[in-house]
Ligand code: CTP
């Protein structure tokens, strides 16, 4: 089989050097990569580097090898175009259909999925001109990854950093795997909770659980790759922020509830993958609880935490919003799952069987997705990302069905 053909567009930002790592990851994982830098990108990384790393000639303009009609052919043949870094100028040109060099010509002739990984100063990213250009590109189906927050050029910090090349690579892999059907969640906002809450007992102890957050992160990553704007509410996770995802960090169930309720009104779908503690200590000791010689320890009194999933499912923030829960069961998995689905009032419930080495902390998962409409979708043992894709397929189906029924009214 032919290697998938990727065009790596590089525009003129200091983060161009990070695109070398993206290029290396793409070539080493079996992609045929053609690098198309802009003229200003070559101020940061020279043509020799791109050519040596990709094994292809490199040009910035349309007047080289004219007999091969590169300004048309490169885009036409591509299975994926990724622009990293995408400067504010490049985004503006792409949004307005300008074509004054090889990269902008390629963007107009490509009929494959296109991923932009912007990098710029915070002010530029937040400027209404850039916001509108990004919105235009997303509306047309491009995946525009949210920049990361952190150190920028010079002494500045803020939103605008190029996401980690490993994360951009993951997005590309996922977009390629979905083929040319395009990002079906473009224009959607989804909220995903991940990880496990911790309920503090005193300054050094907490009641927690073994959730790693991997399933929630897989959901966030796959949704971003399918074009969604993603808010990931992460409870005590130790993983790097996925590319293109807004991450809100929380600790306790009460904080998680607040963050979910804040993000939900604007969301097309809310997926509660976090393991939320059902109880919290009734009292928090401001000083460390000490053992006392000859005395039994004091019992810990617990109180109920709010059921966030049931609450958002009951008080839907908007019509047609899809609410998804997760359930970890050890016995009578399907029967317990059906009861829980009804009790929580959500549209979909992903039911996992938990046991030794199953689910918690593992890279893989096996589940059945139960629907409030009586549907049952078995998901065979496989990577957590495969389960995430199926969840989004089911969510997307419900969202487009709801949109269809609204239109027919
Ligand atoms: N959940 C929640 N708020 C809680 C507890 C759970 O939103 N206080 C959500 C979880 O994020 C998950 C789903 O509810 O999506 C299922 O959680 P689970 O703990 O299995 O449900 P419980 O109601 O606690 O049922 P059980 O006591 O039978 O385990």
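The values are calculated or read from the model by the stated rules, or taken from the named source; none is laboratory data. Computed from a predicted structure; not experimentally measured. Note: ideal-geometry Cβ built from the backbone for every residue, glycine included; neighbour counts use all protein chains shown.
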- Message: Given the criteria in a helix (DSSP H, G or I) and surrounded by 18 or more Cβ atoms within 10 Å (Cβ to Cβ), does residue 8 qualify?
- Response: no
- Message: One residue is enough: does segment 108-120 have a residue meeting the conditions assigned to a helix (DSSP H, G or I) and within 21 Å of residue 22 (Cβ to Cβ)?
- Response: no
- Task: Would you kindly identify the strands (runs of 3 or more DSSP E) lying entirely within segment 152-208 that contain at least 2 residues that are within 28 Å of residue 399 (Cα to Cα) and in contact with a helix residue (DSSP H, G or I) (Cβ under 6 Å, 6 or more places away or on another chain)?
- Result: 189-195
- Message: Checking the structure you have, find out if any residue of segment 275-296 is within 15 Å of the ligand (Cβ to nearest atom), part of a loop (DSSP other than H, G, I, E, B) and closer than 23 Å to residue 402 by Cβ.
- Response: no
- Query: Which ones in segment 343-378 are within 16 Å of the ligand (Cβ to nearest atom), part of a strand (DSSP E or B) and modelled with pLDDT under 90?
  - Reply: 352, 353, 355, 358, 365
- Query: Would you say residue 318 is within 15 Å of the ligand (Cβ to nearest atom) and farther than 27 Å from residue 384 by Cβ?
  - Reply: no
- Message: I'd like the residue in segment 321-342 that is in contact (Cβ under 8 Å) with a residue 60 or more places away in the chain and within 17 Å of residue 215 (Cβ to Cβ) and, out of all such residues, is nearest to the ligand (Cβ to nearest atom).
- Response: 326
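How many residues does segment 190-213 hold that are at pLDDT below 95 and surrounded by fewer than 21 Cβ atoms within 10 Å (Cβ to Cβ)? Talk me through it step by step, then tell me what you get.
Within segment 190-213, the subset at pLDDT below 95 is 209-212.
Applying the additional criterion that residues be surrounded by fewer than 21 Cβ atoms within 10 Å (Cβ to Cβ) yields 209-210.
Summing the residues that are at pLDDT below 95 and surrounded by fewer than 21 Cβ atoms within 10 Å (Cβ to Cβ) in segment 190-213 gives 2.
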- Message: Among the numbered criteria (1) more than 30 Å from residue 381 (Cα to Cα); (2) in contact (Cβ under 8 Å) with a residue 40 or more places away in the chain, which one does residue 208 miss?
- Response: (1)
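Results for (1) in a helix (DSSP H, G or I); (2) on the phi > 0 side of the Ramachandran plot; (3) in the same structural domain as residue 164 (by TED's automatic domain parsing), shown as yes or no for each residue.
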| site | (1), (2), (3) |
| --- | --- |
| 14 | no, no, yes |
| 19 | yes, no, yes |
| 26 | yes, no, yes |
| 30 | no, yes, yes |
| 42 | yes, no, yes |
| 50 | yes, no, yes |
| 61 | no, no, yes |
- Task: Working only within segment 240-267, note down all residues that are within 16 Å of the chain's Cα centre (by Cα), surrounded by fewer than 16 Cβ atoms within 10 Å (Cβ to Cβ) and either more than 25 Å from residue 183 (Cα to Cα) or within 15 Å of the ligand (Cβ to nearest atom) (or both).
- Result: 249
- Query: Taking only pairs six or more apart or across chains, which ones have beta-carbon atoms under 7 Å, a first residue in segment 99-126 that is over 20 Å from residue 5 (Cβ atoms) and outside the structural domain of residue 156 (by TED's automatic domain parsing), and a second residue that is at pLDDT 95 or above and surrounded by fewer than 24 Cβ atoms within 10 Å (Cβ to Cβ)?
  - Reply: none
